[in-house]
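Visitor: Before anything else, here's the structure in question.
The values are calculated or read from the model by the stated rules, or taken from the named source; none is laboratory data. If you're wondering where the values come from, they're calculated on a predicted model, not measured in any experiment. Please note: Cβ atoms are built from the backbone with ideal geometry, for glycine as well, and neighbour counts cover all protein chains shown. Only protein heavy atoms, including side chains, enter the accessible area calculation; ligands, DNA and RNA are left aside. Shrake-Rupley method; radii C 1.70, N 1.55, O 1.52, S 1.80 Å.
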Amino acid sequence: MQERRIQVLEALTEGPVAGPALADRLGVSRAAVWKHVEALREAGFDIAGGENGYELRSVPEFGPAVAFGLDAPVDVEYHDSIDSTNRRARELAARGRDGAVVVADEQTGGRGRLDRDWASPSGGVWLSVLLRPTVPAAHAPVYTLAAAVATTRAVREAGVEANIKWPNDVIVGGRKLAGILTEMEGEADRVDWLVVGIGLNANVDPGAVPAENTTSLHAECGGVDRRVLTQRLIEVLHDLHTDRDAILPAWREYADTLGRRVRVETGDRTVEGRAVDVEYPGTLDVDTGDSVVTVAAGDCEHLRPAGG
Ligand code: BTN
């Protein structure tokens, strides 16, 4: 959203403001104020114009409004519909951008891990964060963990008790609520850019996403305010990005995998045992009974309840 429109909204949150006073405050013409108000109304903001001036009555639950009230130094690019927010964020990366977040209500070509399709109907939170951390490429997985922590915390603040399944699925009661796809470019000693894509089944009908072992916030709690949820997710991710030491402790706190018996398919082998810890930048330690095996990546299956 244009910076000027955010300034208009900020002025209106303090109470009704007359058009001329708003124009003075922003240093623009009255006609410009009127245009901004019209554009905001079109974006779904309910702005009444009465005797006391313009009054902000309600803020839309999603859309460009995600940028309004967001407490993180990022530029939000919102799309009602796009093929893939990760694809768009990669495009922005190629143009040299940093600190951009691409958000969409619907994706028509969403991608998941292992190049799978990712169903992304209207009502979800589909977003990609473009980061340029000054770390070696081998450290990149920690940002995926950070995204899982940020998603889990935002979902918990919305009232749903989510957990993390290693490495980066956000689950509720064993069913997948959100997934993360991180893409990267760089050299061994330096990341050029990272795109962390988060797909969160928010206000979507569970029937609109693959049913097997999947859930949505609509199914869990009847739906959420996606604007607030998305803002919290972006804010927490930004904080963790600037404080990497906080990522693993938070991940452990939310982990559903630690303490469980797991089977991890790594591609060239299967590791089975008790998941005992996660280590920087995101490896899983599995106690097989004979030894503790450190797994860097793979598909993880929980075999039975913790302590069972
Ligand atoms: C997974 O397979 O679990 C990861 C799914 C990641 C989906 C998200 S939705 C936003 C972003 N854009 C994409 O095309 N994919 C990611």
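Okay, residues lined up against (1) within 26 Å of ASP277 (Cα to Cα); (2) charged (D, E, K, R); (3) assigned by TED's automatic domain parsing to the domain that holds VAL170:
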| residue | (1), (2), (3) |
| --- | --- |
| GLY207 | no, no, yes |
| GLN231 | no, no, yes |
| ASP239 | yes, yes, yes |
| LEU248 | yes, no, yes |
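Visitor: Another question, if that's okay. Check off (1) aliphatic (A, V, I, L, M); (2) near the ligand (Cβ under 9 Å from one of its atoms); (3) open to solvent by 60 Å² or more (accessible area, probe 1.4 Å) for ALA89 and give me the number that stays unchecked.
Guide: Checking ALA89 against (1) aliphatic (A, V, I, L, M); (2) near the ligand (Cβ under 9 Å from one of its atoms); (3) open to solvent by 60 Å² or more (accessible area, probe 1.4 Å), the one that fails is (3).
Visitor: Out of the stretch 135-156, which residues are hydroxyl-bearing (Ser, Thr, Tyr), open to solvent by less than 10 Å² (accessible area, probe 1.4 Å) and either part of a loop (DSSP other than H, G, I, E, B) or within 12 Å of the ligand (Cβ to nearest atom) (or both)?
Guide: THR151
Visitor: Of the residues GLU77, GLU61, only one is more than 9 Å from the ligand (Cβ to nearest atom), surrounded by 15 or more Cβ atoms within 10 Å (Cβ to Cβ) and at pLDDT 95 or above; which?
Guide: GLU77
Visitor: Could you tell me whether the stretch 116-134 includes any residue that is of a type outside the set (Val, Ile, Thr), in a loop (DSSP other than H, G, I, E, B), in the same structural domain as ALA202 (by TED's automatic domain parsing) and away from the ligand (no atom under 16 Å from the Cβ)?
Guide: Yes, the stretch 116-134 has at least one match.
Visitor: Turning to a different aspect of this structure: For ARG111, only one of the following conditions fails: (1) among the basic types (Lys, Arg); (2) more than 16 Å from the ligand (Cβ to nearest atom); (3) within 19 Å of ALA202 (Cβ to Cβ). What is its number?
Guide: Of (1) among the basic types (Lys, Arg); (2) more than 16 Å from the ligand (Cβ to nearest atom); (3) within 19 Å of ALA202 (Cβ to Cβ), only one is false for ARG111: (2).
Visitor: Select the strands (runs of 3 or more DSSP E) contained entirely in the stretch 11-115, then report the ones holding at least 2 residues which are within 26 Å of VAL129 (Cβ to Cβ) and without any contact (Cβ under 8 Å) to a residue 60 or more places away in the chain.
Guide: Because the criterion is at least 2 residues that are within 26 Å of VAL129 (Cβ to Cβ) and without any contact (Cβ under 8 Å) to a residue 60 or more places away in the chain, the strands (runs of 3 or more DSSP E) in the stretch 11-115 that meet it are 75-82, 100-107.
Visitor: State whether the residues of the stretch 219-235 include one that is over 21 Å from the mean Cα position of the chain (by Cα) and surrounded by fewer than 16 Cβ atoms within 10 Å (Cβ to Cβ).
Guide: There is no residue in the stretch 219-235 that is over 21 Å from the mean Cα position of the chain (by Cα) and surrounded by fewer than 16 Cβ atoms within 10 Å (Cβ to Cβ).
Visitor: Which residue pairs have Cβ atoms under 8 Å apart, sit 6 or more places apart or on different chains, and have a first residue in the stretch 116-132 that is of a type in the set (Ser, Thr, Tyr) and a second that is in a loop (DSSP other than H, G, I, E, B) and open to solvent by 30 Å² or more (accessible area, probe 1.4 Å)?
Guide: SER120/THR108
Visitor: Report the residue count in the stretch 277-293 for those that are open to solvent by less than 70 Å² (accessible area, probe 1.4 Å) and over 24 Å from the mean Cα position of the chain (by Cα).
Guide: Residues that pass the stated criteria total 8.
Visitor: Which residues, counting only those in the stretch 166-207, are more than 14 Å from the ligand (Cβ to nearest atom) and under 14 Å from SER120 (Cα atoms)?
Guide: ASN203, ASP205, PRO206, GLY207
Visitor: If you don't mind, another one. Does VAL278 satisfy being in contact (Cβ under 8 Å) with a residue 40 or more places away in the chain and outside the structural domain of VAL160 (by TED's automatic domain parsing)? Steps first, please.
Guide: Values: in contact (Cβ under 8 Å) with a residue 40 or more places away in the chain: yes; outside the structural domain of VAL160 (by TED's automatic domain parsing): yes.
Judged against the criteria, VAL278 is a match.
Visitor: Name every residue in the stretch 1-14 that is farther than 23 Å from ASP105 by Cα and either open to solvent by less than 20 Å² (accessible area, probe 1.4 Å) or among the polar types (S, T, N, Q) (or both), in order of residue number.
Guide: Across the stretch 1-14, the qualifying residues are GLN7, VAL8, ALA11, LEU12, THR13.
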